[in-house]
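Below is one structure, written out as structure tokens; the observations come after it.
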Amino acid sequence: MRKFLVVLDDSRECLNAMRFAALRAAHTGAGVTILSVIPPEEYQHWMGVADLMRAEARERIEAHFEVFAKWMRDKQGVNPNLVIREGDSVTEILKLVAEDPEIGVLVLGAGSDKSGPGPLVTQMSKNAGGLPIPITIVPGEMSKERLERIT
């Protein structure tokens, strides 16, 4: 089964990327994989603190995932799976795409403020030519109704 890969992070535009991936998956009989990446800790020598921070990050990610997953299951009939990784977001996206041949499209949300589309969209766009899958960039300011019409 083909899957849409979408990145769960703290950005506002992440919501539209989730919506787009779920709607497209529902309309095409595909699945959704949600990836969340915990950045490496700056203070590795404080292992107890780093372990606690890592556990708290996982709990927060799982709570956010459950909100999106419930909506996807209840409204779109799509049952997403969650992958949590630690490291650099771009590196972990590339690894996951290489590991899972069913991932067919990477869906990213683009910010609309003056600072640009966001670091992840910028970095992944630079790697787009070497990716084995297409990237769909969803504008963060696109309305829910417009998303529903185009998917």
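Values in this text are rule-based calculations from the coordinates and carry no lab data. Quick caveat: nothing in here was measured; it's all calculated off a predicted structure. Using ideal geometry, Cβ is built from the backbone for each residue, glycine included, and neighbour counts are taken over all protein chains shown.
Miscellaneous remarks
- Nearest-ten-degree value, helix 14-28 long axis tilted from longest Cα axis of the chain: 50 degrees
- The magnitude of the dipole of the chain, with charges of +1 and -1 set on the Cβ of Lys/Arg and Asp/Glu and taken from the Cα centre, is near 700 debye.
- On the principal axes of its alpha-carbon atoms, the chain has extents of 50, 34, 33 Å, going from largest to smallest.
- Nearest-0.05 FRET efficiency for residue 12 and residue 86, computed from C-beta distance (R0 22 Å): 0.40
- Selection among 53, 40, 125 by position relative to the dipole of the chain gives 125 as farthest towards the positive end (Cβ unit charges, Cα centre).
- The long axis of helix 47-71 is offset from the longest Cα principal axis of the chain by roughly 10 degrees.
- Degrees separating the helix 89-99 axis from the principal Cα axis of the chain, which is the longest one: 60 degrees
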